[in-house]
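Enquirer: The structure's right below; bear with me while I get my questions together.
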Amino acid sequence: MKKTKEEIVTRRDFIRGTAFTTLGLVLGLSPLAFSQQKPPLVKKRTKVVLIRDEDVLKENEVDKEILVRMIGEGMCSLFNTTEFASAWKRLFSPEDIVGVKINVVMTPTHNELIGVIVDNLLAAGVKDENIYVWDRNEIGQGKAEMFTRRKKMMYEDNLNKVVKKCTALINVPGMKTHWLSGVALSIKNWCGAIDNAYTYHTEDCCARLGALLKIPEMKSKTRLIIVDALRPLFHGGPEVDPKYLWNYNGILLGIDHVAVDTVGLKIIQNKRNSYLNKPWSLFPPPTHIALADTKYKVGTSDLQKIDIVKLGWEKDALI
Amino acid sequence: MRWEKIFFILFFLFSWGCVPEKTMNLKNLLPSPKNGLKKIESSKIYNRENLFDYLDGGAELYLAYDFQKLIVQKYFFSQDAFAQKKTLTVEIFQMHSSLDTYGLFSLDQDGEELNVAQKALYGYGLLKLWKDNYFVRILNMEGTDEAKEMTIKMGEEISEKIKKQGELPPLLSFLPEKGFVPKSDRYFHKITILNHLYFLANKNILNLSEKTNAVLADFKIDEQILKLLLIGYPDTLQAKKSFSDFNLLYLKKQSMDKRNIVKVEEGKFVGVELNDKYLCLVFESDDVNLINSLLDSVKNKLKSGGTK
């Protein structure tokens, strides 16, 4: 392997803040850069909504009624409206074919959340047969199949045909750390839409993951990101060690993958620090989030350019 | 023809004696349904090609330790239990060697130590154990005493069915005893694992591969926690090249000596030493003397052939 100084980023670069500065700040790896930081001249800002409820989990079971309200309030805040239904109607029309990309492996998207999303789509006028809930090649058509998902579709250009068939997409990942990419949030969730995910699982901390958002279908069709942060994983992963699961009782909503993942990453990093009561940096650094911003230019990873709206339960929000 | 036969017989005998019981049917290792245990559906077996179906990107971790096969079986653990939280999941990973199986086990050694198999840990409903070339995870999401007891019984049953004891990686014998933080050793081969444990760079600047053996461990000396990384390369040439690459790309300072210690950010020092086909690196110390002392200890261990 040919190495050049330019392409190598070391731990020392993070600490000095000479590379991935915004990511270093999120991870608490750039103390030197922090002191020199100036507020950016911001033109375009992006919004991420975090909504939490103390009672949404009872003995780790989801209270669906509370979740319905959380999603409703979160959507109203994200789209500046006061009526739950109108936010969905603004995003989806009765003519749409909507793909709900969930996560089924290890820390799966909660079924209750899938149900709430499908109900809202139906209420917005989307036809039942035009709703596809899927991960990898397990596809469910309509409400009756949203949990069974036994349909299969072929792949074309490495992309599952369900993505091509849909006119609109909702990205609904779980929230977890990942041993190879640092974290697995909304950007990495698109690995479940392709059949060559191994090409993104690279030894450079999965640096190419941001390229997934350059795939025309993902770029043009994704209208909403809803991260299931009810019971995230803050160490290891994707395989679950229960001691690293915690009841955060939250949902993140946004339309910018990179911003949503930046906020999710910050919450996970802060959880790690509070767990050990000292800085516990996340390794490997999820450089794919920063690169999705700086290299692929598909969103913002700078916390200072993100408006984080916090709703509901405030205790231990970690951000 | 005669020589071919002799070669074949010798090869067969050699393989029989040295390779773990790889042919053992994984289904035979599963705990039998008794004492309130009931299998849910049939077991699923995964190989190197389809492990991604079960673990997604987590499969890469097991493949980095030369994974061979996995069996997954879910159980109810009481007759009247039908809720999700009352299930137990047993995963038995068959690896190629006991050394790599230990490596996999070593990645997270947090938990209550149990006298089961060669090493076993329990915490928050998860039992992990290592024996020979088998790594076992038994997960109950309930976390009650009853579930714990059942989980441990199942681990014991699996362990009893695995007859052989595995070896520990020989590289561990070169770790000094003084200051070693128990259960902090992590054995691995590839850069992806190192970067998960202790991020050094986004490129493979130490030339780690499946042919290199490495251990990362913590040492508490004078109230400081130092990180020691010891790497064994296939030959001196590769160790030498990696020493040079690390000096150039990480420390940014070449050295004519075999030992190089450089002050880096936040007042910390990093030390690296080339010892024949081994590279020893020490991080996270604010005292250059501690680095020298730890490097000396490892050097002596290497000279003496390690702890017997």
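The values are calculated or read from the model by the stated rules, or taken from the named source; none is laboratory data. What you see is a predicted model; the values in this text were computed from it and never measured. All Cβ positions, even for glycine, are placed from backbone atoms using ideal geometry, and neighbour counts span all protein chains on display.
Enquirer: Being of a type in the set (A, V, I, L, M, F, W, C) and at the interface with chain B (Cβ under 10 Å from one of its Cβ atoms) is the filter; apply it to the stretch A:194-243 and report the residue that is nearest to residue A:162 (Cα to Cα).
Expert: A:197
Enquirer: Can you find a residue in the stretch A:261-268 that is within 12 Å of another protein chain (Cβ to nearest Cβ), under 25 Å from residue A:67 (Cβ atoms), within 15 Å of the chain's Cα centre (by Cα) and crowded, with 24+ Cβ neighbours inside 10 Å?
Expert: There is no residue in the stretch A:261-268 that is within 12 Å of another protein chain (Cβ to nearest Cβ), under 25 Å from residue A:67 (Cβ atoms), within 15 Å of the chain's Cα centre (by Cα) and crowded, with 24+ Cβ neighbours inside 10 Å.
Enquirer: Right, another one. Report whether or not residue B:97 is under 21 Å from residue B:192 (Cβ atoms), surrounded by 19 or more Cβ atoms within 10 Å (Cβ to Cβ) and either more than 14 Å from chain A (Cβ to nearest Cβ) or in contact with a helix residue (DSSP H, G or I) (Cβ under 9 Å, 6 or more places away or on another chain) (or both).
Expert: yes
Enquirer: On to the next question. I'd like the full set of residues that are more than 9 Å from every other protein chain (Cβ to nearest Cβ) and either out of contact with any Gly (no Cβ under 8 Å at 6 or more places or on another chain) or at pLDDT below 95 (or both), limited to the stretch B:113-139.
Expert: Residues satisfying the conditions are B:113, B:115, B:119, B:134, B:135.
Enquirer: Same structure again: Between B:253, B:303, B:241, which is without any contact (Cβ under 8 Å) to a residue 60 or more places away in the chain and in contact with a helix residue (DSSP H, G or I) (Cβ under 9 Å, 6 or more places away or on another chain)?
Expert: That would be B:253, the only listed residue that is without any contact (Cβ under 8 Å) to a residue 60 or more places away in the chain and in contact with a helix residue (DSSP H, G or I) (Cβ under 9 Å, 6 or more places away or on another chain).
Enquirer: Taking the conditions exactly as written (of a type outside the set (A, V, I, L, M, F, W, C) and assigned by TED's automatic domain parsing to the domain that holds residue B:231), does residue B:185 satisfy them or not?
Expert: Yes.
Enquirer: For the stretch A:135-161, enumerate the residues that are outside any loop (DSSP other than H, G, I, E, B) and either within 14 Å of chain B (Cβ to nearest Cβ) or under 21 Å from residue A:199 (Cα atoms) (or both).
Expert: A:135, A:138, A:155, A:156, A:159, A:160, A:161
Enquirer: Of everything in the stretch A:300-319, what is buried (at least 17 other Cβ atoms within 10 Å of the Cβ) and polar (S, T, N, Q)? Give them in sequence order.
Expert: The answer is A:300, A:301.
Enquirer: Right, here's the next one. Go through (1) surrounded by fewer than 18 Cβ atoms within 10 Å (Cβ to Cβ); (2) among the acidic types (Asp, Glu); (3) modelled with pLDDT of 95 or more one by one and return the number of the condition residue B:273 breaks.
Expert: Of (1) surrounded by fewer than 18 Cβ atoms within 10 Å (Cβ to Cβ); (2) among the acidic types (Asp, Glu); (3) modelled with pLDDT of 95 or more, only one is false for residue B:273: (1).
Enquirer: Let me ask you something else. Against the conditions (1) more than 12 Å from chain A (Cβ to nearest Cβ); (2) of a type outside the set (Gly, Ala, Ser); (3) more than 16 Å from residue B:97 (Cβ to Cβ), where does residue B:205 fall short? Just the number, please.
Expert: (1)
Enquirer: Let me ask another. How many residues are touching a Ser or Thr at 6+ places or on another chain (Cβ under 7 Å) and over 30 Å from residue A:179 (Cα atoms) if we restrict to the stretch A:80-109?
Expert: 3
Enquirer: Now for a different question. For residues in the stretch B:172-193 being in a helix (DSSP H, G or I) and in contact with a Lys or Arg (Cβ under 9 Å, 6 or more places away or on another chain), which is nearest to the other protein chains (Cβ to nearest Cβ)?
Expert: Selected residue: B:191.
Enquirer: Can you tell me which residue within the stretch B:259-276, out of those that are out of contact with any Asp or Glu (no Cβ under 6 Å at 6 or more places or on another chain) and in a loop (DSSP other than H, G, I, E, B), is farthest from residue B:194 (Cα to Cα)?
Expert: Within the stretch B:259-276, the match that is farthest from residue B:194 (Cα to Cα) is B:276.
Enquirer: With respect to residue A:174, is the statement that it is within 25 Å of residue A:291 (Cα to Cα) and either touching a Gly at 6+ places or on another chain (Cβ under 9 Å) or not aliphatic (A, V, I, L, M) (or both) true?
Expert: In short, yes.
Enquirer: Another question about this same structure. Among B:155, B:57, which is crowded, with 22+ Cβ neighbours inside 10 Å and touching a His at 6+ places or on another chain (Cβ under 8 Å)?
Expert: On the way: B:155 fails: touching a His at 6+ places or on another chain (Cβ under 8 Å).
Checking each option against the conditions leaves just B:57.
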